[in-house]
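Peer 1: Quick one: the structure is below, questions incoming.
The values are calculated or read from the model by the stated rules, or taken from the named source; none is laboratory data. Owing to the predicted nature of the structure, the values given are computational and were not obtained by experimental measurement. Counting neighbours? That spans all protein chains shown, and the Cβs are built from the backbone with ideal geometry, glycine included. Protein only, heavy atoms only, side chains kept; ligands, DNA and RNA dropped before computing areas. Shrake-Rupley method; radii C 1.70, N 1.55, O 1.52, S 1.80 Å.
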Amino acid sequence: MSKKIKWDTIGIVITNLNYEKKKDELIEINNNREWLKNIYFKHTIDWNGYKSTSSDISVSYYILYNFLNIDIDIIDIENISKKRFENSSLVFFLIYDLLESFHNNNFSTHKYITNVLKNSKNLYPPYKYQKYINNKCNYYEDMKKKKINIANSFCLDRKSLKKKNIFNILQQKIKKELTTKENLSFICKPILGQESKGFKKFEKFNKDELNLYLIEQFLKYPGIIFQEYVPGFDKAVLESRVFYCGDNYQYTILTSDKGGWVPKEEGGKKASKNLEKVKKLSKNIINKLPKIVINKKILPKLLTRIDISCCTNNKMFVNEIEFVPSLYMDLKPKNLIDKK
Ligand SMILES: Nc1ncnc2c1ncn2[C@@H]1O[C@H](COP(=O)(O)OP(=O)(O)O)[C@@H](O)[C@H]1O
Ligand SMILES: [Mg+2]
């Protein structure tokens, strides 16, 4: 008797190729990537003279090429709808997500997409998890509760700016929670920020300077994070970008304002003084992140990047957590990216 084949349809929401081109995050279509041999022209883009595509499209074609019982519904941003999502057992977001929509779509499209995501029950990761990760204030607060070291910070929403004496309140809070007599600097960065947009270092509290900054940022962002200034973290101090598939460590990329490197321990040139410690801390964070729950089932995590740097309170701290991160594909041996 022949074994019954189980058929399934999986949805993958793909990002706009031009967004990826802007970020230099494309991959080249070449003979080594045989699953891209018959790629539709509309799924390709010219990148410095090379026919290329995005990694979410590449993953879609890879599954189609290797798993004959799985159909992939490739969903463009323009075709996002609850009904379309319901054709698939699960719909994956691999690059495009609520944050990308916030930064790239106009207000009404973003509102529509947010609504669809909120009301769809088969998304990976689910709306709730996307909201948690997209909002630094949420996970900073959560990490603090779970005893993971973060830089001292507090959050301000748009509404609070209208409070009487808000600048006095801010001045007191900054003094008490973020600065010392020796170090009067602090930084601000927006909730829902991306690629350092809206990041600003203040040398000391100055009402007029802060007011101007807040007015400008609140035109776009719903909230601002105030944080202690970690000396050098905006320049030469290394940030370790640590990648996990599920609960398993994959690789680390070191970055500073001078660029990015593979650590020496993993075949690169840059020494990382504390890679083992970084791996241990990131694993602890992975264990403490919220579970991915879809239809009451806990599913494994797909990809997580945890950004770690040093030091505050004389300890390493977590700066950022992402589920659709840049992979630094240009720095890793190309075959590793393909295999993983
Ligand atoms: N508290 C801080 N002190 C000094 N530099 C910071 C601080 N927080 C962030 N930075 C700098 O700003 C960059 C962007 O901040 P980050 O929190 O990673 O936001 P995003 O990457 O989402 O824009 C960091 O990579 C780091 O260089
Ligand atoms: Mg960052």
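Peer 1: Expressed as a rounded percentage, what relative contact order does the range 8-124 have, with Cα pairs under 8 Å and six or more residues apart?
Peer 2: 36
Peer 1: Assigning unit charges at the beta carbon (Lys, Arg +1; Asp, Glu -1) and nothing else, what dipole magnitude in debye, to the nearest 20, does the range 237-339 show about its Cα centre?
Peer 2: Numbers: 20 positive and 11 negative charges, 70 e Å.
Approximately 340 debye in magnitude.
Peer 1: Sticking with this one: Dipole of the chain, Cα-centred, from +1 at each Lys and Arg C-beta and -1 at each Asp and Glu C-beta, to the nearest 20 debye?
Peer 2: 1320
Peer 1: Pulled fully out, how much extra length does the chain show between F167 and S185, if you take 0.36 nm times their separation in residues and subtract their Cα-Cα distance?
Peer 2: 4.8 nm
Peer 1: Could you do me a favour and compute the accessible area per residue for the range 237-339, 1.4 Å probe, result in Å²? Present the calculation step by step, with values, prior to reporting the outcome.
Peer 2: Values: 5440 Å² over 103 residues.
So the range 237-339 comes to 53 Å² accessible per residue, rounded to a whole number.
Peer 1: Using the Cα atoms of the range 26-87, I'd like the radius of gyration and the largest Cα-Cα distance, Dmax, both in angstrom.
Peer 2: Calculated on Cα positions, Rg and Dmax stand at 12.8, 38 Å.
Peer 1: How big is the Rg/Rh ratio for the range 1-120, C-alpha atoms only, Rh by Kirkwood, two decimals?
Peer 2: Rounded to two decimals, Rg over Rh is 1.01.
Peer 1: Of G198, I74, N18, which is farthest towards the positive pole of the chain's charge dipole, taken about the Cα centre with +1 and -1 on the beta-carbons of Lys, Arg and Asp, Glu respectively?
Peer 2: Highest projection toward the positive end goes to G198.
Peer 1: If you scale each eigenvalue of the Cα gyration tensor by 5 and take the root, what three semi-axes come out for the range 211-281, rounded to whole angstrom and sorted largest first? Write out the running numbers ahead of the final one.
Peer 2: Details: eigenvalues 195, 51, 25 Å².
Computed over the range 211-281, the values are 31, 16, 11 Å.
Peer 1: Tell me the volume per residue, in Å³, of the convex hull enclosing the alpha carbons of the range 237-339. Can you show the working numbers first?
Peer 2: Working: hull volume 11.3 nm³, N = 103.
Expressed per residue, the convex hull around the Cα atoms of the range 237-339 is 110 Å³.
Peer 1: Starting from the Cα of K175, step 7 Å along the direction of its Cβ; do the same at K207; then give the gap between the two resulting points in nm.
Peer 2: Simple spin-label model gives 1.3 nm for this pair.
Peer 1: What FRET efficiency do you get for I70 and D247 if R0 is 35 Å and r is their Cβ-Cβ distance, rounded to the nearest 0.05?
Peer 2: 0.90
Peer 1: Given 25 °C and 0.890 mPa s, compute D for the range 153-228 with the Stokes-Einstein relation, Rh being the Kirkwood radius over Cα pairs; round to the nearest whole µm²/s.
Peer 2: Calculated translational D: 197 µm²/s.
Peer 1: Using only alpha carbon pairs under 8 Å that are at least six residues apart, calculate the relative contact order of the chain and give it in whole percent.
Peer 2: Value for the chain: 14 percent.
Peer 1: Right, another one. On full extension of the chain, what length is gained from L90 through E276, given 0.36 nm per residue of separation minus the C-alpha to C-alpha distance?
Peer 2: 63.4 nm
Peer 1: Let me ask something additional. Taking 0.36 nm per residue of separation and subtracting the Cα-Cα distance, what length does fully extending N313 through A236 add?
Peer 2: Separation in residues times 0.36 nm, less the Cα-Cα distance, equals 25.8 nm.
Peer 1: By accessible area of protein heavy atoms, probe 1.4 Å, what ranking do C188, C245, C311 get, highest first? Please report the intermediate quantities before stating the final value.
Peer 2: Details: C188 0, C245 45, C311 65 Å².
Result, largest first: C311, C245, C188.
Peer 1: D for the range 171-321, whole µm²/s, Stokes-Einstein with Kirkwood Rh over alpha-carbon pairs at 10 °C and 1.306 mPa s: what number?
Peer 2: Estimated via Stokes-Einstein, D reaches 91 µm²/s.
Peer 1: Moving on. Given L275, S256, P325, which one lies farthest toward the positive end of the charge dipole of the range 251-325, if we put +1 on the Cβ of every Lys and Arg and -1 on the Cβ of every Asp and Glu?
Peer 2: Going by the Cα projections, it comes out as L275.
Peer 1: Follow-up question, since we're still on this one. Find the centroid of the Cα atoms in the range 245-270 and in the range 188-234, then give the distance between the two in whole Å.
Peer 2: So the separation of the two Cα centres works out to 28 Å.
Peer 1: Whose amide H sits under 5 Å from the amide H of E320, counting only residues 5 or more places off or on another chain, with H placed in the peptide plane?
Peer 2: It is D307, by chain and number.
Peer 1: Choose one of Y244, L156, N48: the residue whose Cα lies farthest towards the positive end of the charge dipole of the chain (beta-carbon charges +1 Lys, Arg; -1 Asp, Glu; about the Cα centre).
Peer 2: Farthest towards the positive pole: L156.
Peer 1: Whole-Hz ³J(HN,Hα) for each residue in the range 154-165, computed from phi via Karplus 6.51 cos²θ - 1.76 cosθ + 1.60 with θ = phi - 60°, x for glycine and proline: what do you get?
Peer 2: Here the 3J(HN,Hα) series is 9, 10, 10, 9, 4, 4, 5, 5, 7, 4, 4, 6 Hz.
Peer 1: Using alpha carbons only, how many angstrom separate the centre of the range 93-133 from the centre of the range 7-70?
Peer 2: Cα centres, the range 93-133 to the range 7-70: 21 Å.
Peer 1: Per residue, what volume in Å³ does the Cα convex hull of the chain take up?
Peer 2: Roughly 173 Å³ of hull volume per residue.
Peer 1: Test of the criteria: in the range 173-226, which GluC sites (Glu not before Pro) are in a DSSP loop and have at most 14 other Cβ atoms within 10 angstrom of their Cβ?
Peer 2: E182, E195, E203
Peer 1: Quick check: at a probe of 1.4 Å, how many percent of the accessible area of the chain sits on carbon and sulfur atoms?
Peer 2: 52
Peer 1: Follow-up question, since we're still on this one. If a cysteine in the chain has no other Cys Cβ under 4.7 Å from its own Cβ, put it on the list, ordered by number.
Peer 2: Lone cysteines by the Cβ rule: C188, C245.
Peer 1: So which trypsin sites (Lys or Arg not before Pro) in the range 188-244 end up in coil per DSSP with only 12 or fewer other C-beta atoms within 10 Å?
Peer 2: Answer by residue number: K204, K235.
Peer 1: What list of ³J(HN,Hα) values in whole Hz, one per residue of the range 23-35 in order, does the Karplus curve 6.51 cos²θ - 1.76 cosθ + 1.60 (θ = phi - 60°) give from phi, with Gly and Pro shown as x?
Peer 2: Running phi through 6.51 cos²θ - 1.76 cosθ + 1.60 with θ = phi - 60° gives 8, 6, 10, 8, 10, 7, 8, 9, 5, 5, 9, 5, 5 Hz.
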